[in-house]
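Asks: Dropping the structure in here first, questions after.
The values are calculated or read from the model by the stated rules, or taken from the named source; none is laboratory data. This is a predicted model, so every value here is computed, not measured. Here Cβ is always computed from backbone atoms with ideal geometry, including for glycine, and neighbour counts include all displayed protein chains. Accessible surface is based on the protein model in full, side chains and every heavy atom, while ligands, DNA and RNA are left aside. Shrake-Rupley method; radii C 1.70, N 1.55, O 1.52, S 1.80 Å.
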Amino acid sequence: MRLRNIAGSREVIADSPYVVQEAEQPHCPGNWKKIFGNDNPVQIEIGMGKGKFIHTMAGMHPEINYIGIEKYSSVLLRAIQKMEREELPNLRFLRMDAEEITQVFAPGEVDRIYLNFSDPWPKDRHAKRRLPSREYLARYDVILKKGGKLEFKTDNRDLFDFAVAELEPAGWRADVITYDLHGDRELMRGNVMTEYEEKFSALGNPICKYIISRQGGSHKPGGN
Ligand code: SAM
């Protein structure tokens, strides 16, 4: 998602109390519990877009801390505006490229990762940029706690097939896979629709989803 550059969005972000600012990011690893002021688990959405999913999740689960990550200021601005309308104490935002994700979380600091309708990057030479690629899975491997899970939804079948094929070589396993989420009553329980999910399911596109965890269950750095 790339909205037209919105004048002033960088200034709004720089002044927003909901955003952990770039200058503070080097101090984040190991400190998220301090940032939120409690010991609750931390869950993140990478590529949150305008933030509908993570804002709804944070409202539904006050016992969990959420961090929404978005690359583009003009898109993050929309998530900030949503927070200004309905402030939630357990939600913060990071404006950053997820390529740098291991620089803002300590090993094992994240309880769950959500990828929703990630950009497909259809050209083969751009495969490394896909958020469910093995290169990104290696980064998630570092920050996800032992036994932590990653959930991915998309209506893009090519991207989903790619993501499933990446699991084995990257050392992950699928706990759940569906090619028709909205047709699965059990998996739909508690499902929070994202902006893209609303749009594409309304067009009749089936939504694919997996929930994955590491083979062996440990993150690499400590191997514990
Ligand atoms: N998750 C939302 C949804 O399901 O409605 C938005 C989906 S949109 C197609 C993908 C979003 O991911 C865009 O807003 C894009 O800017 C963001 N994004 C893509 N690559 C990213 C990266 N490397 N780091 C951070 N955000 C990224």
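Asks: Among the candidates ILE6, ILE54, which residue alone is among the β-branched types (Val, Ile, Thr) and part of a loop (DSSP other than H, G, I, E, B)? Give the steps one after another, and end with the answer.
Replies: Numbers: ILE54 fails: part of a loop (DSSP other than H, G, I, E, B).
Answer to the check: ILE6.
Asks: Exactly one condition in (1) open to solvent by less than 10 Å² (accessible area, probe 1.4 Å); (2) of a type outside the set (Val, Ile, Thr); (3) more than 8 Å from the ligand (Cβ to nearest atom) is false for MET60; which is it?
Replies: So the condition that MET60 fails would be (1).
Asks: Considering only residues of region 176-192 that are open to solvent by less than 60 Å² (accessible area, probe 1.4 Å) and part of a strand (DSSP E or B), which is farthest from the ligand (Cβ to nearest atom)?
Replies: In this case the residue turns out to be VAL176.
Asks: Something else now. Could we say that GLU195 is open to solvent by 40 Å² or more (accessible area, probe 1.4 Å), within 16 Å of the ligand (Cβ to nearest atom), within 15 Å of the chain's Cα centre (by Cα) and of a type in the set (Asp, Glu) here? Please lay out each step first, then the result.
Replies: On the way: open to solvent by 40 Å² or more (accessible area, probe 1.4 Å): yes; within 16 Å of the ligand (Cβ to nearest atom): yes; within 15 Å of the chain's Cα centre (by Cα): yes; of a type in the set (Asp, Glu): yes.
So GLU195 passes the test.
Asks: Name the residues in region 37-57 that are within 16 Å of the ligand (Cβ to nearest atom), open to solvent by 30 Å² or more (accessible area, probe 1.4 Å) and either of a type in the set (Ser, Thr, Tyr) or out of contact with any helix residue (DSSP H, G or I) (no Cβ under 9 Å at 6 or more places or on another chain) (or both), would you? Break it down into steps so the answer makes sense when it comes.
Replies: Step one: list which residues in region 37-57 are within 16 Å of the ligand (Cβ to nearest atom), which gives 43-57.
Checking the rest, the ones that are also open to solvent by 30 Å² or more (accessible area, probe 1.4 Å) come to 47, 50, 52, 56.
Of everything in region 37-57, just one residue is within 16 Å of the ligand (Cβ to nearest atom), open to solvent by 30 Å² or more (accessible area, probe 1.4 Å) and either of a type in the set (Ser, Thr, Tyr) or out of contact with any helix residue (DSSP H, G or I) (no Cβ under 9 Å at 6 or more places or on another chain) (or both), namely THR56.
Asks: For the list (1) modelled with pLDDT of 95 or more; (2) open to solvent by 50 Å² or more (accessible area, probe 1.4 Å), I need the number of the one condition that ARG10 fails.
Replies: ARG10 satisfies every listed condition except (1).
Asks: Which is more than 16 Å from the ligand (Cβ to nearest atom), in contact (Cβ under 8 Å) with a residue 12 or more places away in the chain and closer than 21 Å to GLY51 by Cα, of LYS209, LYS149, LYS153, LYS145? Please lay out each step first, then the result.
Replies: Numbers: LYS209 fails: more than 16 Å from the ligand (Cβ to nearest atom); LYS153 fails: more than 16 Å from the ligand (Cβ to nearest atom); LYS145 fails: closer than 21 Å to GLY51 by Cα.
That would be LYS149, the only listed residue that is more than 16 Å from the ligand (Cβ to nearest atom), in contact (Cβ under 8 Å) with a residue 12 or more places away in the chain and closer than 21 Å to GLY51 by Cα.
Asks: Just to confirm my filter: which strands (runs of 3 or more DSSP E) fall fully inside region 78-175 and include at least 2 residues that are aromatic (Phe, Trp, Tyr) and open to solvent by 40 Å² or more (accessible area, probe 1.4 Å)?
Replies: Values: elements: 91-95, 110-116, 144-154.
So the answer is none; nothing clears 2.
Asks: Could we say that SER133 is within 11 Å of the ligand (Cβ to nearest atom) and within 30 Å of GLY59 (Cβ to Cβ) here?
Replies: On the way: within 11 Å of the ligand (Cβ to nearest atom): yes; within 30 Å of GLY59 (Cβ to Cβ): no.
Here the answer is no, as SER133 does not meet what is asked.
Asks: Something else about it: Checking the condition under 21 Å from ILE6 (Cα atoms) and modelled with pLDDT of 95 or more, which residue from ALA106, ALA98, ALA79 passes?
Replies: Values: ALA106 fails: under 21 Å from ILE6 (Cα atoms); ALA98 fails: under 21 Å from ILE6 (Cα atoms).
Being under 21 Å from ILE6 (Cα atoms) and modelled with pLDDT of 95 or more holds for just one of ALA106, ALA98, ALA79, which is ALA79.
Asks: Sticking with this structure for a sec: Check ALA127 against each of (1) more than 27 Å from GLY204 (Cβ to Cβ); (2) of a type in the set (A, V, I, L, M); (3) within 16 Å of the chain's Cα centre (by Cα) and name the one condition it does not meet.
Replies: (3) is the only condition that ALA127 fails.
Asks: I've got another one for you. On the basis of being modelled with pLDDT of 95 or more and within 24 Å of GLY216 (Cβ to Cβ), does LEU187 make the cut?
Replies: Criteria not met by LEU187.
Asks: Here's a follow-up. What number goes with the only condition from (1) over 24 Å from GLU197 (Cβ atoms); (2) outside any helix (DSSP H, G or I); (3) open to solvent by less than 50 Å² (accessible area, probe 1.4 Å) that GLN25 does not pass?
Replies: Checking GLN25 against (1) over 24 Å from GLU197 (Cβ atoms); (2) outside any helix (DSSP H, G or I); (3) open to solvent by less than 50 Å² (accessible area, probe 1.4 Å), the one that fails is (2).
Asks: Could you check ASN5 against (1) among the polar types (S, T, N, Q); (2) within 18 Å of PRO89 (Cβ to Cβ); (3) open to solvent by 50 Å² or more (accessible area, probe 1.4 Å) and say which number it fails?
Replies: Status for ASN5: all satisfied but (2).
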